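Have a look at the structure below, then the notes.
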Amino acid sequence: MTLDYNAPPPPFRAEDQVPLLDSEASQTRQPKKPLPPQNPPIIVEERTYHDRWASALFSIVMLTFVILVYLGVPRAFEPSQPSMPGGGNATRRDENPVNRGLNDVGIILSTSILAAFGYSIGYLSLLQHNAKFLIDLSFILPIVGAVLSSIICLVNNIVAGAVVWGIIALLFWWVFASLRPRLRVSAIVLATVSTILRRFSGTFVVSGFSGFIWLIFSMVWSLTSSGLKHFGDENPDVAPYVAAYMLFIFFWVTALLLDITHLTVSGTIASYFFTGVQDAESGNVILPVTNVTAMSLKRTLTTSFGSVCFSSLLSSAVQTLKAVLRSNHEQNVDENKSLFVILISSCLLCLVSILGDILDFFNKYSLTHIAIYGKNYCDAGRDTWEMFKYKGIDVIVNDCVVGKVMGMGMAFSILLCGFGGAFASCAVRRVFVPVDESQEIMILFFGISVICNMLVAAVVFNFVVKVVDSAAAAMYVCLAEDPATIQKFQPELFGMIEDVYPEVTWGMQSIAYTPSA
């Protein structure tokens, strides 16, 4: 059902006020502003299939990819490597170095995985209990960095640099001070979704499995592209088109897997808010079903799959165009084309990059509407646009704050897990491989450990970033669209948000609605 946001709202009546459960009435106050009648979506019941043409088109593209894999992968293995001088004696079999190398690989992988998962769990716990501190820290650290840079410039008598960094520090502080009221809302959102996600850990499994599928697909795609390169050398006229089509397939599958994770997480969060009821005695939220994440994934892969294909199709088309324009721009620079041609190609690349960023931001909230209400992509896009017109600044601020906090977490994960895991690897190696080795070998082992730990930490924490970002977006859309249902079923959370920022609880149904005094 599509809401008509331009229609005048009905006059407020006492019976329209969301009733509280009898067990809640004694401990829950009335909201500060009268809320419109609740409009909870149909979450559990069967939905209608939408945008089937997009899923059909995706199936056709995947069929062509299978054909390209059949043609390209064998060609990737055609060039034979020349044999080493000395035949079979080119590689000596020395069991002791081999075993030692395998031990080193096992030690590095074990410590890096343990460090990455331990850090991710710890950061989620920190988000759950100290979200406000992390948000403040994400704003304060750039200010401190700008001030230190200004001081360093002053010490080195670089006055202009000191002034520039000082202005940047002041701008950072002004933004931080201006957004303080909204930051408290973001702190509640982050703390709440962290608590929910710890309960529904299946969302991280979906994210990790999507990443695993993407890794397998990337390997197959790389082999196919390598094989088709030989075909392109034999047919130079069609090579650019084949390369562009392969890029399009890669971007589409990548965007599709990301959107599947986003819809699954968003559907889980929406089920929690719109079907969960807070128990008055224990304070726990009780849901009518237990397999919430599995049901959300099922809806994503069935009734909403066409809409996911539609969204990822638009994103992949823009990304492909961006890649083609970048390649053309680099070619113009290498061939020393005229300044006018280079300027035009730069402007086109910049415009397409901006369009891609806007589309990604818009798609995230459109897909959230699809996950919650089961709409088709176009209807969800229209409702998302109305939400942006009404609560655009709040949505942008919330999105930026979540991005800053999780980006800071990513940086800390790379640094802490990288060096901490490397030190742990060295300590474990000394215990299980008690062999005296030169200082150069230990330094080499430490350097390899740092790199491996950083890579594993970045990959593992990226799954957490995606899930938390999707959950925060879904919670904000739930609040923006239908705060009345949340106020009825989860009054404590509603009261917390209303205390710090009353406007954020004023739902989309209440546009232009001002109750009489």
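The values are calculated or read from the model by the stated rules, or taken from the named source; none is laboratory data. Only a predicted model underlies this, so the values are computations on that prediction, with no experimental measurement involved. We place every Cβ from the backbone using ideal geometry, glycine too, and count neighbours over all the protein chains shown. Side chains are part of the model used for accessible areas, which takes the heavy atoms of the whole protein and leaves out ligands, DNA and RNA. Shrake-Rupley method; radii C 1.70, N 1.55, O 1.52, S 1.80 Å.
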Label-zone membership for the stretch 249-277, site Ala317, 7 angstrom Cα→C-beta point, backbone N under 20 Å: 249-260
For the stretch 138-143, 3J(HN,Hα) per residue [Karplus equation, 6.51 cos²θ - 1.76 cosθ + 1.60, θ = phi - 60°, Hz, x = Gly/Pro]: 5, 8, 6, 4, x, 5
Cα-based Rg / Dmax (Å) for the stretch 363-499: 22.8, 68
Violating pairs (Cα-Cα greater than 20 angstrom) within the set Lys375/Lys466; Lys364/Lys404; Lys466/Lys488: Lys375/Lys466; Lys466/Lys488
Coarse-grained scattering of the stretch 275-385 at q = 0.22, 0.24 Å⁻¹, given as base-10 log I(q)/I(0) from a Debye sum over alpha-carbon atoms: -1.09, -1.18
Whether the stretch 455-497 is rounded, prolate or oblate, judged on the alpha carbon gyration tensor where a/c under 1.5 counts as rounded: prolate
Integer Hz, Karplus 6.51/-1.76/1.60 couplings in order for the stretch 423-428, x for Gly and Pro: 4, 5, 4, 5, 5, 5
Scattering curve values for the stretch 143-249, log₁₀ I(q)/I(0), Debye with Cα scatterers, q = 0.12, 0.14 Å⁻¹: -0.81, -0.79
Percent of Cα pairs exceeding the 20 Å cut-off, where the set is the stretch 218-318: 57
Gained length - Gln439 relative to Asp334, 0.36 nm times residue gap less alpha-carbon distance: 33.3 nm
FRET efficiency, 1/(1 + (r/R0)^6) with R0 35 Å, evaluated for Leu351 and Tyr241 via beta carbons: 0.90
Rg(Cα)/(2.2 N^0.38 Å) for the stretch 116-176, N = residue count: 1.52
Order of exposure, largest accessible area first, which applies to Arg299, Arg180, Arg199 with probe 1.4 Å: Arg199, Arg180, Arg299
Rounded percent of accessible protein surface that carbon and sulfur make up, the stretch 264-354, 1.4 Å probe: 64
Net dipole in debye of the stretch 152-275 [+1 Lys, Arg Cβ; -1 Asp, Glu Cβ; about Cα centre; nearest 20]: 880
Area of Glu440 that stays accessible when all protein chains are in place (1.4 Å probe, Å², to 10): 130
